[in-house]
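One structure below.
What follows is calculated from the coordinates using simple rules that are stated; it is not laboratory data. This one's a predicted model, so the numbers in the text were calculated from it and none came from an experiment. Positions of Cβ are backbone-derived with ideal geometry, glycine not excepted, and every protein chain shown enters the neighbour counts.
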Amino acid sequence: MSENLQLNDAVLESAARGFASAAEVMRSGAAKRPPTPATLSALRAELDLYLRGLAVSRAALSDAAHSATLALADILAQSAELDAEIAAALPAGFVLGEAP
Amino acid sequence: MGAAGRPVPPSVGVLLRGTPRAGTVEEINAVSQYLTNVRYDAVQYVTAARPAQEAIAGLESAAVERLHARLGRGLFPGVAALEDSADEAKSAVQSYAAQVAEIHREADQVWASAERALGSIAAALQSIAQICDVIAAPFSYSWDTPPPAALPEPRLRAGAGPADTAGVAELISGLRDGYRTRWLNTVLEWQLELAEVRRCVRRWSELQEERLLCEGAVAERLGRTSVGELITVGAGMPGGRRRAIAVGLTGEIGGVRAGIRTTRTFHPELRELLDSADGAKVWDAPPAPAFVAEKWAGLDESVREELIRSVPWVIGNLPGLLPSVRDRANRELVAFYREYPQTLTPEQLTLVAEAQRILDDEARQRSPKPPIQVLAFDLSGPVPRAAIGYGDLDTSSHTTFQAAGMGSDAHTALPTWDVAARNLYEAQEALLPRFEGGGPGVVAWLGYDTPAMLPNSEVFRSDSASLGAGRLAAELDGMAAAREAADAGLPAIGVVAHSYGTTMAAIALTKTKHPVDSFVMLGSAGLDTEAVPSLGSLNVRELTPGQLAVFATSAARDRLAPTGAAQAERGLPTPDARALLGLEQRVPVYGGVIAFSSEGDPARGLKGTDGHSFVGAGKTAGIAGMTASAGRGYGDNETQALDTTARATTGLIAGPDGLDLVVTEAQPVVKIVDKHTGYVGQWRMPAERND
């Protein structure tokens, strides 16, 4: 655990939205895979494999951004829960000693 | 009229076999556009994710810090790799589109021209047939064999002409005058059109070759991108490509963090082999190879297997073990890195992909020619190192280590040295008698951190050479020790070095215990005169009494190597090496080297070397011979340099006689002090002549 704990819900939420947006870019995005052109050699198959590799890359990066979003959401939820738990664990108010 | 010869083909397609046309430029451009879009998406991705990463950097929490670090290690380098890959692929595809457009355009022209020429030939054929009919000459011409230019002697059909001789002569003369010019013009046109058809057939075939070359270049460029390398690394395993790409780019698969293992160097059983359970030092400070060979021979089979599987980096890189043993361990190592691509730097990934490509090529052959052995594979440092064997190094009769020079770190140089090693292997195989001994074995040795390319000044110092020399010396002695211990017979061991590799290899040969049988220097960048004061310092066998088997050549047009040697004040092994500005006169020449020509020998069909490269590329050599053109490097097929190298390393040169071999005379340098400025320089003294 770091020496200090400083979390900001607004920052976490904004960052999570940023990663969610990044995930969405890669998931849908503008790129639609075109058919591979006919070639003389095995290039067509290699090009097709390569384009599929790029699609896999996009999906992997989308997943990675999505998992960052989930991690941030988790931190947000856990920190709120932790805060609530700490609050619950604290005494409700000042306890006054009985008068002698 | 009776046409007995072959008629004009009914279609151009009969002559223009195959096709250089495939697909459309529009389809290729659509792929290029897709790649542009992928790159654009990558930029958009970063635009969305980067501020998010920067925002959480300001928070203080262990969980956030871990996430931040994870993003820095995986997600951002991953998207950068995707962006670069898409960019490089787009550039390759765009070039390809332009080339295809040009090939298609020319193919259309060739087709149309051949069609037109065939039409003209058909007309000529018909015209000649008509003339033959009129002059009663035999007609037996094929479309591709035009008749002679001279009109055949006209004749008259029986009963068709006048009865008197004078009348006949007059009629024949009339026919001759009437058709001679038409005949001649028709034949000339026929010949020209036939030449055009032949040109079209030749060009059609060339266009197909050019198209295949273009396609090969695109495939190669795709394969050298990060995504391409991950595709190679993941090939052959179920779901391997998808996993390699996902894990290699992001360290995750399906949003789940991929586990990481590291290569181990510790195993209790290593004590039996190294006198230590930790094998971390086997690359830089390996134990004596003879000791290793002896200890390995005494281990139980089960222990050997356990070590190969558990500590492959140690066993794979341990001089003194048989190449087949090291190969097994190193293949385990390559497989390990394929499993964990997220642990690799871009340089390491490149080397793993290249090694895998070589192994995949081997696996595709039913009887690999030559078989491959991964003799060394090390990704422990920032610069990856490797040595790939070609042939069966356990049984080879001749084993040659090829050492690379400046700018030849394993990850960048393996493709070139893969070609070079195969070239030498084939050249040696052609020279060695079949069925005698174990045949050749060649090692592409890329086992050191080579100095960077100029203008970096590392190449002028011997630091890299000294570091590499220790390792090469261990490998050379290791090969001898392993073969000796296995009772497999000692091969003739040779060292072939290029450029700065000669600087390194020469130092290595001052450190070995086992003498090598030959040492060949190609385009030497000079030898360190302190480490190697004379050839007598080199542990190389004698060819004849007093004559070491040390060979060297420097191509006349290679001005780079001698200039580098002069700048570094290193001695040259050949007196005729010419540096820029005559700088070679500042450094000494070693005596006793067998110098040979690399200028080519047309009588034997051998080409000359026209630049410094080991494997040439491009249409022309570089300025001052900085690079060699395609097929004209020192290690290219059918060059005089490769031919003599193959002969020298297979023991087919018994002495300095023949093949234009000359033994060099030592030319030392003298110090010259300018009494006005105090500047101290040095200048070469000409060789002393006894005649």
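For chain B, the longest principal axis of the C-alpha atoms and the axis of helix B:410-431 are separated by about 70°. Give the residues of region B:536-568 whose amide nitrogen is closer than 14 Å to a point set 7 Å from the Cα of B:ASP576 in the direction of its Cβ. Answer for this model: B:552-558. Across the options B:LEU379, B:THR412, B:THR677, the greatest Cα extent toward the positive end of the charge dipole of chain B (unit charges at beta carbon of Lys, Arg, Asp, Glu) belongs to B:THR412. Hydrodynamic estimate: the Kirkwood radius of chain B over Cα pairs, inserted into Stokes-Einstein at 25 °C and 0.890 mPa s, corresponds to D of 82 µm²/s. For region B:255-351, the relative contact order comes to 25 percent (Cα pairs under 8 Å, sequence separation of at least 6). Working from label points 7 Å from Cα in the Cα-to-Cβ sense, the B:ARG604 to B:ARG6 distance is 4.2 nm. If all Cα-Cα distances of the protein assembly as shown are sorted into 20 Å bins from 0 onward, what percent lands in each bin, rounded to whole numbers? Computed distribution, short to long bins: 13, 33, 29, 16, 7, 2, 0, 0, 0.
With the simple spin-label model, which puts each label point 7 Å out from Cα in the Cβ direction, the B:THR510 to B:GLU305 separation comes to 4.7 nm.
Cα-Cα over 25 Å: which of B:LYS295/B:LYS369; B:LYS511/B:LYS607; B:LYS281/B:LYS513? Walk me through the numbers before you get to the answer.
Values: B:LYS295/B:LYS369 33 Å; B:LYS511/B:LYS607 35 Å; B:LYS281/B:LYS513 20 Å.
From B:LYS295/B:LYS369; B:LYS511/B:LYS607; B:LYS281/B:LYS513, over 25 Å: B:LYS295/B:LYS369; B:LYS511/B:LYS607.
Note on region B:33-105 and region B:270-302: Cα centroid distance 45 Å, given to the nearest whole angstrom. Each part gets one Cα centre, and for region B:467-513 versus region B:526-550 those centres are 14 Å apart. Compared with the dominant principal axis of the Cα atoms in chain A, helix A:43-89 is inclined by about 10°.
Residue by residue, region B:294-300 carries 3J(HN,Hα) couplings of 5, 5, 4, 4, x, 7, 5 Hz when phi is fed to the Karplus relation 6.51 cos²θ - 1.76 cosθ + 1.60 (θ = phi - 60°); x denotes Gly or Pro. Annotation for region B:249-345: trypsin sites (Lys or Arg not before Pro) lying in DSSP loop with at most 12 further Cβ atoms inside 10 Å of their Cβ are B:ARG261.
With r as the distance between the Cβ atoms of B:ALA98 and B:ARG366 and R0 = 30 Å, compute the FRET efficiency 1/(1 + (r/R0)^6) and round to 0.05. Numbers along the way, then the final one.
Working: r = 39 Å, r/R0 = 1.30.
Given R0 = 30 Å and the Cβ-Cβ separation, E is 0.15.
In a DSSP loop and with at most 11 other Cβ atoms within 10 Å, there are no chymotrypsin sites (Phe, Trp or Tyr not before Pro) in region B:32-101.
Which value results when the Cα radius of gyration for region B:1-41 is divided by 2.2 N^0.38 Å?
Numbers: Rg = 22.0 Å, N = 41, 2.2 N^0.38 = 9.0 Å.
In units of the 2.2 N^0.38 Å rule of thumb, it is 2.44.
For a modelled paramagnetic label at A:ILE86, 7 Å from Cα along Cα-to-Cβ, the residues of region B:40-80 in reach, with backbone nitrogen under 17 Å, are B:59-65. Treating each Cα of region B:124-163 as an identical point scatterer and summing with the Debye formula, the log10 of I(q)/I(0) at q = 0.20, 0.32, 0.33 Å⁻¹ comes to -0.61, -1.20, -1.25.
Here the spin labels are modelled as points 7 Å beyond Cα on the Cα-Cβ line, and at B:ALA335 and B:ARG157 they lie 8.6 nm apart. The listed peptides B:239-249, B:130-140, ordered by packing as a protection proxy, come out as B:239-249, B:130-140 (highest mean of other Cβ atoms within 10 Å first). Loop-only GluC sites (Glu not before Pro) in region B:538-634, please: DSSP not H, G, I, E or B, and at most 13 other Cβ atoms within 10 Å. Within region B:538-634, no GluC sites (Glu not before Pro) qualify (loop, at most 13 other Cβ atoms within 10 Å). Cα-based radius of gyration for region B:369-666, normalised by 2.2 N^0.38 Å, reads 0.90. Centre-to-centre, using Cα atoms only, region B:611-674 and region B:185-232 are separated by 33 Å.
Taking 0.36 nm per intervening residue step and subtracting the Cα-Cα distance, what contour gain separates B:ALA452 from B:ALA122 on full extension? Display every interim value, and only then the final one.
Numbers: separation 330, 0.36 × 330 = 118.80 nm, distance 6.41 nm.
Answer, rounded to one decimal: 112.4 nm.
Could you give the size of the charge dipole of region B:222-378 about its Cα centre, using +1 on the Cβ of each K and R and -1 on the Cβ of each D and E, expressed in debye and rounded to the nearest 20? Intermediate values should be presented prior to the final figure.
Working: 20 positive and 21 negative charges, 133 e Å.
Dipole magnitude for region B:222-378 comes out near 640 debye.
Relative to its residue count, chain A spans a Cα convex hull of 124 Å³ per residue.
Quickly rank B:53-65, B:69-81 as a protection proxy: mean count of other C-beta atoms within 10 Å, highest first. Provide the component values of the computation, followed by the final result.
Numbers: B:53-65: 16.9, B:69-81: 19.7.
The packing order, highest mean first, is B:69-81, B:53-65.
You can think of it this way: the chain between B:SER205 and B:ALA488 has 96.9 nm of extra reach, that is 0.36 nm per residue less the Cα-Cα gap.
The angle between the Cα long axis of helix B:240-250 and the longest principal axis of the Cα atoms of chain B comes to about 60 degrees, rounded to the nearest 10. In whole percents, the pair-distance distribution calculated for region B:99-219 from its alpha-carbon pairs, binned every 10 Å from zero, is 13, 31, 21, 15, 10, 6, 3, 1.
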